[in-house]
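Everything below concerns the one structure shown next.
The values are calculated or read from the model by the stated rules, or taken from the named source; none is laboratory data. All values reported here derive from a predicted model rather than from experimental measurement. Here Cβ is always computed from backbone atoms with ideal geometry, including for glycine, and neighbour counts include all displayed protein chains. Note: accessible area is taken over every heavy atom of the protein model, side chains too, but ligands, DNA and RNA are not part of it. Shrake-Rupley method; radii C 1.70, N 1.55, O 1.52, S 1.80 Å.
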Amino acid sequence: MIKRLTFILLLIPVCSFAQEKLLTLQASVDSAFANNAVLNEANAIMEQKRNEWRTMTGIEAPEISYFEEGRNSSATKPFEERRWTVSQTIDFPLTTVYRLKAIGDEAKALEYQIQAQRNNIRAEVKSRYIDILYASRLQDLAEKQKQLADELYKAVYTKFETGMGNGIDLTKAELQVAEAENFQSEAERMLHMGRYSLFRLMGMEIADISYSIQFVDTLSSREVVVSQITALSVLHEQPEYLAAMAAYEASQNKIREARSNILPDIRFNLYKQNYGDGFKYNGFEVGLSIPIWLPFEQSGKIRMAKAYQDEIEWQQKGIEQEMKERIEHAWHSYSSSKQIIDRYNQTMSAKSARLQQLSIDAYRLGEIDLMNLILAQQTYLDNQRRYLDALHDFYLQLTQLEKYLNLELVY
């Protein structure tokens, strides 16, 4: 079992240690949450949706009107009636209920989508942070490879100077040094690419980016025991899936709303009347709108709502299949990487290092030729690289499992 895995980061030299800025993993995630344009846009849309119901209550603005009837300026009574009217029209209450339920379900779907975005951002930031630490460890390995290549070259050159070696072996040794230098350059490129990728995700301004920004020197993981059954059991708890479920509920309520439009809207009129002796009389009127044009006006809305519901159903099935594949992939990759790491720690690390040292000594004594020495060194370096690759993938897959298990596994 792996109780503690650690990435050690050799800090990049800077002119003044006092000017270094330490960037932690959690600070990187927090910065990405605060500055991510897509996430903040989604939050703004969510705020709009939360307040949309206020405009969709089905209660129209009241209308105030003044009315005179039977006007005759030449008669003793210049009018027959005067009145002030307040008119109010409302949708049938059941229609409003379904409409507001649909809006609530849409808001819930947006909340789940934002949660999924946050999970993706967190995993992406942690992955880039892990890439940086991985590139730094590759720099360490590249430096070790360069040291071995230099040592090899010195040994070959010594034999060449004493007449015991030949020019072919010396050329091979020179190529080993050049290859080690290429590896150093590639590791440095990966480190710079990882740094700027992380800074972009964090939303950092160009003026704030500098080589004085350093990273924590360790990255750890608590002991993790995740069964495949556990990983797949949370499939229907994923935010993307729950968002599709909420969207499906919204589509059902929209169908109900469209069908309920067959019910009449209601109109209320209240009167204050004057028949010539002051506004002493009151009156009221209740009206119902008869949806005689329903086949032309509402059938299209009902069909659109049903088609949207079909769209959501297929979207939900697609999300379920995709999420299952992602969880399966993360689980199997995590498990395989863990096995490689365990095997390396238990047997391969010590044996490959021992083989490399014995080969150097044997070559100096003339017991093996240059090809066997190079092969031994390459075996040692390949084992180191394979271990780093497995450790890198192990942490990356943990960040993916974090999204699905709702647990903090990398810190």
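Listing for the model above:
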quantity: Kyte-Doolittle at least -0.5, axis length at least 30 Å by Cα - qualifying DSSP helices, the chain; calculated: 167-202, 370-405
quantity: Carbon plus sulfur fraction of accessible area for the chain, probe 1.4 Å, in percent; calculated: 55
quantity: Most to least accessible of S65, S352 (protein chains only, probe 1.4 Å); calculated: S65, S352
quantity: Tensor-based shape of the chain (alpha-carbon gyration tensor, a/c under 1.5 rounded, otherwise prolate or oblate); calculated: prolate
quantity: Accessible surface, 1.4 Å probe, highest first, among residues V29, V97; calculated: V97, V29
quantity: Long pairs among K351/K403; K108/K403; K144/K172; K21/K108, criterion Cα-Cα beyond 29 Å; calculated: K351/K403; K21/K108
quantity: Fully extended contour minus Cα-Cα distance, from I290 to S335, at 0.36 nm per residue; calculated: 9.6 nm
quantity: Per residue solvent-accessible surface (Å²) - the stretch 313-411, probe of 1.4 Å; calculated: 53
quantity: In Å², nearest 10: area of W84 left accessible to a 1.4 Å probe; calculated: 120
quantity: Pair Y308, K172: separation of 7 Å Cα→Cβ label points (nm); calculated: 7.3
quantity: For R326, solvent-accessible area (1.4 Å; no DNA, RNA or ligand), Å²; calculated: 90
quantity: Structure-based [θ]222 nm, the chain - -39500 (n - 2.57) summed over DSSP H runs of at least 4, per residue, nearest 500; calculated: -22500 deg cm²/dmol
quantity: Computed FRET value (nearest 0.05) for K154 with M371, which takes r as the C-beta separation and R₀ as 25 Å; calculated: 0.90
